[in-house]
1. Quick query: amide H of ASP88 versus all other amide H atoms, modeled in the peptide plane; which residues come in under 5 Å with a sequence gap of 5 or more or a different chain?
2. When we measure straight from the Cα of LYS125, which lysines land under 16 angstrom away, once same-chain ones fewer than 8 places off are left out?
3. So, R0 is 51 Å and r is the distance between the beta-carbons of THR162 and PHE394; what FRET efficiency does that work out to, to 0.05?
4. Return the lysines within reach of LYS369: Cα separation strictly under 19 angstrom, same-chain partners fewer than 8 residues apart disregarded; answer none if there are no such residues.
5. What list of ³J(HN,Hα) values in whole Hz, one per residue of the range 160-170 in order, does the Karplus curve 6.51 cos²θ - 1.76 cosθ + 1.60 (θ = phi - 60°) give from phi, with Gly and Pro shown as x?
6. Pull up all non-local amide H partners of ARG121: gap of 5 or more, or a different chain, and H-to-H distance under 5 Å with H placed in the peptide plane.
7. Assuming 0.36 nm per residue, please report the length gained on full extension of the stretch LEU129 to ARG19 beyond their Cα-Cα distance.
8. So, by mean Cβ neighbours within 10 angstrom, what's the order for 220-230, 311-321 with the highest one leading?
Amino acid sequence: MRSPIIVHLARKEILSTLRDRRAIFSNLIIPLVMLPAIMTGLPLAVGGLFEREQETVTELGIVGLANLPEELRAIISAQNVTLVEVADPEMVVREGDYPAALAVPGDFVTHLASGRPATIRVYSKQGNLASELNASKIMAAVQVYRQQLVATTLTEAGLDLTVLEPILVDTVDASSSAELASGQLAWLIPFFIALWTLIGGQMAAIDATAGEKERGTLEALLVAPVRRSEIVVGKFLATLTFGLTAATMAIAGYVLGGVLIRSLFLPRLGEQAGEIVDVLGGSLSIDLGTVLLLLVSALLLTSLIAALLIGVTLFARSFKEAQSYVAPLSFLLIIPAIGLQFKDLLDLGSGVYAVPVFNALVLMDDIVKGAVTFGSVLVTWLSLAAATTALLLFAYGNFRREGVIFRT
């Protein structure tokens, strides 16, 4: 193959795609901005909501207010809660009149006085954050009151409080510093990188195949003194360029998000919001070696996706039809990303690194968490390279089939 011709073809496809400003926006701006926005915006928003909810005086429903001991009522009120007598606590919570409610039976105080267990029923909506947060206020108040009663009873009996806890458990987090810094949602990093390889490359691939069919320029290219293999490689390189650019911007966006959250926003966040930052991996600090491993892995994954896009979109007769072909390909990334969340629960074994696409997501997750090994890198990269070669041969075969090329 003649390199100058391939470069010329690739440059032509790149310039053709760049005429659409959406390509620049989707490949450069969105992936660079999205991850920092999620990493900084979510903790700030959630932290503000928690702070507001804690400071706002909330009305909660109650049945049997007169049966509630004054000490417990005072503890509940200290949680910025006002108790309002209602007829049906379950109904008022279900209807949304109150975020949570409780029922205190008439024999509550009597049971406490006699040393028998007393029951308080708390009503809330599972999955409703406001409801669960206010129900937790009641539970926390009851826990404090319970501890006070236990302490009083033990003191009167001449016993020490430690009698209730004869065994103490000291837990030690054995996670590496990289695992701690990556957060519980570290799987989002490879997912976003992989997703943008598809989003970034699809516009160039569609424009280079179905778009040329629609414009009637593909026939002119085919009768030119250019080999079919050179056409395939040129279009592949153009698609690869856009996909890799988007993936690189996604990596840069994540690094930028970690820097912003640590240096600017973390000091302003409360304790609960700070926990959210840790969950999102806001403490991530990766070195040059990690970035290079991510970039090479992203390059190989982008190569595979670019080859797949070229081979698939060539079947389409129009730009719109090609988009309908590309849409289902996102499931190749979404489904493995969902499985990636449960990687620790599944006995995947080393064979997972030989499965194209999924192996790239697993490897990038390992890289971020500092758990990568030479063997996993080698198997994954070889597998991706082999799959890319096979897909390029598939695309080349399609460019030699008149039924595909002239499908109008």
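The values are calculated or read from the model by the stated rules, or taken from the named source; none is laboratory data. Everything quoted here is computed from the prediction, not taken from an experiment. Ideal geometry is used to build each Cβ from the backbone, glycine not excepted, and the neighbour counts take in all protein chains shown. Quick note on the areas: whole protein, heavy atoms, side chains included, nothing else; ligands and nucleic acids left out. Shrake-Rupley method; radii C 1.70, N 1.55, O 1.52, S 1.80 Å.
1. Those qualifying (amide H under 5 Å, at least 5 residues apart or on another chain) number zero.
2. LYS125 reaches LYS137.
3. According to the calculation, E is roughly 0.10.
4. Within the straight-line limit of under 19 Å, LYS369 reaches these lysines: LYS343.
5. Listing the rounded values in order: 8, 4, 5, 5, 7, 10, x, 10, 9, 10, 10 Hz.
6. Amide H to amide H, under 5 Å and 5 or more residues apart or across chains, ARG121 pairs with ALA103.
7. On the way: separation 110, 0.36 × 110 = 39.60 nm, distance 4.61 nm.
Difference between extended and current length: 35.0 nm.
8. In decreasing order of mean packing, 220-230, 311-321 become 311-321, 220-230.
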